[in-house]
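Here's the structure, in structure tokens; my notes come after.
The values are calculated or read from the model by the stated rules, or taken from the named source; none is laboratory data. A quick note: this is a predicted structure, and the numbers were derived from the prediction, not measured. All Cβ positions, glycine included, derive from the backbone under ideal geometry; neighbour counts span all protein chains shown.
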Amino acid sequence: MELAERLWEMRGELLGELEEFLRMPSVSAREDGAFRECAGWVLERLEEAGARARMMETGGHPVVYAEVGGGERSLLSYGHYDVQPPEPLDLWESDPFEPTIRDGRLYARGVADDKGDVLARIQALRIYLQEHGELPFRLKFLIEGEEEVGSPNLAPFVRENAELLSAEACLWEGSIKDEAGRPVIFCGTKGLAYVELRAKGPSHDLHSMYGGVAPNPAWRLVQALRTIKNERGEITLDGFMELAEPPSREDLEAISRIPFDDAALRAAWGVEALDRDLSGREALEEMLLKPTANIAGMQSGYTGPGSKTIVPSEAFVKMDFRLVAGQSPSRVVKLLREHLRRRGMEDIEVVDLHGLEPAKTPVNAPIVRLAREAWSDLGRDDALVYPTIGGSGPTSLIATELGIPTIMAGNVADSQSRIHSPNESVRVEDYLETVAYFVRLFERFGGR
């Protein structure tokens, strides 16, 4: 029986197990005690698949670590069992923690990021062992519980367990299919500097009759933000762009082979145009190879229904800077403070919330070639290799500090998955295909 046919016959079992996983509200931004139960559930699934698993404590939520197989070669699999908060709840069409299938899609918080990918790999291991017996290499699982809050305890864990985690390659948490449904293999992540700018005005909100004389912290932040990015969309933070290293020739060549459809992207987002009317290769290079300065949220004064005429007493804005090679979060935060000080805006407080270093694996690394071949084994010759993904993660801990080539592969999610948003979902057929993909990738890595 063909693998795809077998998985289709097993879909009730595979999806039922996934739905059980998704019912656990493991929101890492909250302290509700669900984490140890969820980590224990993952540990049990790994043990049932034949792995030697254990729960390892950190300064926060535990890590689930497991090994299976033998031989000199090792492959590391990274994932996380925590999820984003589901709010706003009124925008969900069904309970975010009661998995629901509608029109071929499975809806639940965490199904695309990252529980679907975590379980697909465990199920693929179980199927591999049923078909072939023992793995001819060591497969190691590192599954954490704090990725959605910046992985604050992952760095010390990785550094303290560097030998335990050593491997020839690492499969980072799952990738995503593009707007045309093609599988994508990502070879890196951008770095991140996440900050909050805070401004204060009068000691309390004032009547807006004083709007011409009272210092307004909302306007203060607007004026500061305009010095960071101009009306042409250019980042004008002093020294920021100068830190960025230019992309390699191999990365630019990889970009040229990607059939990017910006019209499909605009349709998926529900917008008429991209920022600055970018399109085609120019938009793709901007998204994958260049740093960003993004406003994630702003708050000040009265935001309720109707009108209320005040001068607000305080204001804040949350910003994230996506970083490329040459830029580090600590350096960017320092540049930001110096930038504001030069303009007489030292009264604006810069709060460093968290940061991540950029990470990169060469697009021609052996694990990249193997990942493409695994797609070919499933009859998919349309897999694309992206030099990076526009997002960030603690990938540098593995790729840079431990020197392990690291990629994102396996496509549970697609362009309609709404990761981090209400009505997060995956296509059922994509989930089953991802299980099959990891079976084929394990076969390839083991030399079958």
Testing A162 on (1) touching a residue at least 24 places away in the same chain (Cβ under 8 Å); (2) more than 29 Å from G79 (Cα to Cα), one condition comes back false. Which one is that? (2)
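Is it true that E37 is closer than 29 Å to R138 by Cβ, charged (D, E, K, R) and in contact with a Leu (Cβ under 8 Å, 6 or more places away or on another chain)?
On the way: closer than 29 Å to R138 by Cβ: yes; charged (D, E, K, R): yes; in contact with a Leu (Cβ under 8 Å, 6 or more places away or on another chain): no.
In short, no.
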Are there any pairs with C-beta distances below 7 angstrom linking a residue in region 290-310 that is under 30 Å from V324 (Cα atoms) to a residue that is at pLDDT below 95 and acidic (D, E), with the two at least 6 apart or on different chains, and if so which? none
Answer with yes or no whether L221 is buried (at least 17 other Cβ atoms within 10 Å of the Cβ) and more than 19 Å from G390 (Cα to Cα). yes
Criterion (out of contact with any Cys (no Cβ under 8 Å at 6 or more places or on another chain), crowded, with 21+ Cβ neighbours inside 10 Å and of a type outside the set (G, A, S)) met by exactly one of E424, E429, E443: E424
Out of A112, A34, sole residue that is surrounded by 23 or more Cβ atoms within 10 Å (Cβ to Cβ), closer than 20 Å to S151 by Cβ and not charged (D, E, K, R): A112
Could you please tell me which pairs satisfy a Cβ distance under 7 Å, a separation of 6+ or placement on different chains, a first residue in region 185-202 that is closer than 26 Å to E245 by Cα, and a second residue that is of a type in the set (G, A, S) and part of a loop (DSSP other than H, G, I, E, B)? I185/S175; I185/A383; I185/A409; F186/S175; T189/G393; G191/S328
Taking M55, is it at pLDDT 95 or above, of a type in the set (A, V, I, L, M) and part of a loop (DSSP other than H, G, I, E, B)? no
Of the residues E148, E93, E98, only one is within 17 Å of M24 (Cα to Cα), surrounded by fewer than 18 Cβ atoms within 10 Å (Cβ to Cβ) and touching a residue at least 60 places away in the same chain (Cβ under 8 Å); which? E98
Is one or more of the residues making up region 38-47 assigned to a helix (DSSP H, G or I) and touching a Ser or Thr at 6+ places or on another chain (Cβ under 7 Å)? yes
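Looking at A120, A108, A162, A124, which is the one that is at pLDDT 95 or above and in contact with a Gly (Cβ under 8 Å, 6 or more places away or on another chain)? Lay out the reasoning, then the answer.
Numbers: A108 fails: in contact with a Gly (Cβ under 8 Å, 6 or more places away or on another chain); A162 fails: in contact with a Gly (Cβ under 8 Å, 6 or more places away or on another chain); A124 fails: in contact with a Gly (Cβ under 8 Å, 6 or more places away or on another chain).
Going through A120, A108, A162, A124 in turn, the sole match is A120.
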For P247, work out the one condition from (1) part of a helix (DSSP H, G or I); (2) under 18 Å from Y386 (Cβ atoms) it doesn't fulfil. (1)
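When you go through G69, G79 one by one, which is the residue that is modelled with pLDDT of 95 or more and touching a helix residue (DSSP H, G or I) at 6+ places or on another chain (Cβ under 8 Å)? So that I can check it myself, show each step before the final result.
On the way: G69 fails: touching a helix residue (DSSP H, G or I) at 6+ places or on another chain (Cβ under 8 Å).
Among G69, G79, only G79 is modelled with pLDDT of 95 or more and touching a helix residue (DSSP H, G or I) at 6+ places or on another chain (Cβ under 8 Å).
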Name the residue that is surrounded by the most Cβ atoms within 10 Å (Cβ to Cβ), counting only residues in region 370-406 that are touching a helix residue (DSSP H, G or I) at 6+ places or on another chain (Cβ under 6 Å) and of a type in the set (V, I, T). T406
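Could you identify the single residue in I235, I258 that is modelled with pLDDT of 95 or more and either touching a helix residue (DSSP H, G or I) at 6+ places or on another chain (Cβ under 6 Å) or surrounded by 14 or more Cβ atoms within 10 Å (Cβ to Cβ) (or both)? Spell out the reasoning first.
On the way: I258 fails: modelled with pLDDT of 95 or more.
Sole residue among the options that is modelled with pLDDT of 95 or more and either touching a helix residue (DSSP H, G or I) at 6+ places or on another chain (Cβ under 6 Å) or surrounded by 14 or more Cβ atoms within 10 Å (Cβ to Cβ) (or both): I235.
Answer yes or no as to whether S392 is in contact with a Lys or Arg (Cβ under 6 Å, 6 or more places away or on another chain) and outside the structural domain of V222 (by TED's automatic domain parsing). So that I can check it myself, show each step before the final result.
Details: in contact with a Lys or Arg (Cβ under 6 Å, 6 or more places away or on another chain): yes; outside the structural domain of V222 (by TED's automatic domain parsing): yes.
The answer is yes for S392.
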Please go through region 267-321 and pick out each residue that is surrounded by 18 or more Cβ atoms within 10 Å (Cβ to Cβ), more than 23 Å from the chain's Cα centre (by Cα) and among the aromatic types (F, W, Y). F316
Residues of region 411-432 being in contact with a Pro (Cβ under 9 Å, 6 or more places away or on another chain) and over 23 Å from D90 (Cα atoms), which ones? N411
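Evaluate region 360-378: report whether one residue or more is of a type in the set (S, T, Y) and more than 22 Å from A167 (Cβ to Cβ).
Yes, region 360-378 has at least one match.
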Exception for A293 within (1) small (G, A, S); (2) closer than 23 Å to W219 by Cβ; (3) at pLDDT below 95 falls at (3)
